[in-house]
1. Can you find a residue in the range 58-79 that is under 30 Å from Arg184 (Cβ atoms) and either surrounded by fewer than 23 Cβ atoms within 10 Å (Cβ to Cβ) or without any contact (Cβ under 8 Å) to a residue 12 or more places away in the chain (or both)?
2. Can you confirm whether the range 239-249 contains a residue that is within 24 Å of Ala133 (Cα to Cα) and of a type in the set (Gly, Ala, Ser)?
3. Restricting attention to the range 329-376, which residues are among the charged types (D, E, K, R), in contact (Cβ under 8 Å) with a residue 40 or more places away in the chain and part of a strand (DSSP E or B)?
4. Does the range 307-346 hold any residues that are among the aliphatic types (A, V, I, L, M) and over 15 Å from the mean Cα position of the chain (by Cα), and which are they?
5. Being farther than 10 Å from Asp135 by Cα and of a type in the set (Phe, Trp, Tyr) is the filter here; which residues of the range 182-200 pass it?
6. Going through the range 100-125 one residue at a time, which ones are under 18 Å from the mean Cα position of the chain (by Cα) and either closer than 16 Å to Pro328 by Cβ or among the basic types (Lys, Arg) (or both)?
7. Given Ala141, Ala159, Ala174, which one is assigned to a helix (DSSP H, G or I) and on the phi < 0 side of the Ramachandran plot?
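The values are calculated or read from the model by the stated rules, or taken from the named source; none is laboratory data. Model, not experiment: these values are computed from the prediction. Here the Cβ is made from the backbone with ideal geometry for all residues, glycine too, and neighbour counts use every protein chain on show.
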Amino acid sequence: MIQFRLLSLVGLLMAFGTGPAIIKAQTLNQSVSSPTTTIKIGLVIPDPEALAAKHGAELAIREANRKGGYEGRQFHLVIRSTEGPWGTGSKVSVNLVFDEEVVALMGSLDGRNAHLVEQVATKTRIAMLSAWATDITLSQAFIPWYFRCVPNDDQQAIALIQEIYKKRKITNVAIIGTEDYDSRFAVRSFIQTADSMKIAAPGQFLYRSSARDFQMALSEIDQNDIEAIVLFGKPSLASDILPMLQQRNKDLSIFGSLSIMDDQKASSPDWSILEDIIIISSGQWFTEKGIAFQKEFQKVYGYQPGPVAAYAFDGINVIIEVIKNAGPDRDKIIDAFSTVNYSGITGEIQFDKNGNRIGKVGLMKISNGKPLVIDQGY
């Protein structure tokens with residue numbers, strides 16, 4: 001076993017390189033030299049300012065330790081950032097597995113960086129839970145120890161298509177996406193899912209942050225009598241486009257994927273930007289448990305949590321639940337993930353054979369600056 005680990009470490013370091021990236025990332029760890037009596041869980045975030053996931057995960061650790069941890073042992077969160085040159089995600093993941101000896105990894109990342117962490121998890125046989133990446137190809141690698149607690153692109157597409165085409169009977173639909181990796185994969189998933197459901201392909205517009213380009217798209221939307229728009233992108237896409245869409249056509253129905261609430265920063269969600277928009281719901285606003293989570297999070301960190309924090313909170317709690325059921329052994333943790341049934345603030349969490357979260361995706365509408373449930377989902 002020792003020989004295998006040494007060979008694996010050498011191979012991984014040769015593949016991904018070494019250098020100051022790991023040293024810089026270590027500054028994110030609150031206590032690098034934590035006692036060996038603790039049970040370490042690794043968290044990989046996009047950059048040091050991506051505090052929403054960090055705070056959500058920390059809150060879960062705090063609560064678990066307040067309840068006694070695991071058989072007297074405290075849980076310890078070891079945080080690393082992928083900030084830096086391409087490939088940093090691999091390097092910090094190697095560091096977490098071999099140097100920090102974490103028992104499981106969780107990522108709150110975009111799809112591209114999640115793939116890097118997944119590659120390390122694959123080679124080192126350690127459970128990885130994705131708490132934000134929705135790229136469907138992550139679960140198509142068929143790695144038995146990869147899981148995700150956030151709905152993937154296909155699941156979100158089904159929820160939106162059913163609401164738009166089946167329930168509301170809207171047929172003339174257009175998609176607005178951006179050039180970034182996650183947006184492109186989400187758009188592709190929506191189109192492929194629509195095709196599989198025998199629905200005519202929606203029109204597509206690529207937003208490059210150019211006012212001129214978007215004015216041309218607006219003209220095409222008007223000329224083609226588009227009834228509904230679906231947005232796939234980051235919050236900046238919504239804040240740039242929504243005022244223009246709403247001013248131009250008040251009767252236009254607007255929908256959005258979970259990604260348009262991807263605010264990793266330590267700030268309360270600005271729901272006013274998304275007024276009257278129907279978006280994928282992460283569920284934490286509509287239950288007694290969710291309200292308690294919001295109040296505790298606000299009390300500890302001073303701002304209201306959004307979906308990033310909610311999924312990170314649930315993700316760490318799932319890992320803790322698995323450890324409590326199976327112990328801190330990595331192989332047993334992998335086996336226990338397949339049977340987990342955890343009731344979180346984002347709903348019931350179980351996994352299918354490919355590691356995807358099982359369940360129906362919910363929808364919500366922003367009304368008077370507050371999210372209101374349309375379909376509870378899960």
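1. No, the range 58-79 contains no residue that is under 30 Å from Arg184 (Cβ atoms) and either surrounded by fewer than 23 Cβ atoms within 10 Å (Cβ to Cβ) or without any contact (Cβ under 8 Å) to a residue 12 or more places away in the chain (or both).
2. yes
3. Of everything in the range 329-376, those that are among the charged types (D, E, K, R), in contact (Cβ under 8 Å) with a residue 40 or more places away in the chain and part of a strand (DSSP E or B) turn out to be Arg357, Lys365, Lys370, Asp375.
4. Ile319, Ile320, Val322, Ile323, Ala326, Ile333, Ile334, Ala336, Val340
5. Result: Phe190, single match.
6. Within the range 100-125, Ala104, Leu105, Met106, Arg112 meet the criteria.
7. Exactly one residue qualifies, and that residue is Ala159.
Residue by residue, here is whether (1) modelled with pLDDT of 95 or more; (2) acidic (Asp, Glu) holds:
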residue	(1), (2)
Tyr146	yes, no
Val150	yes, no
Thr193	yes, no
Ser209	no, no
Arg212	no, no
Glu220	no, yes
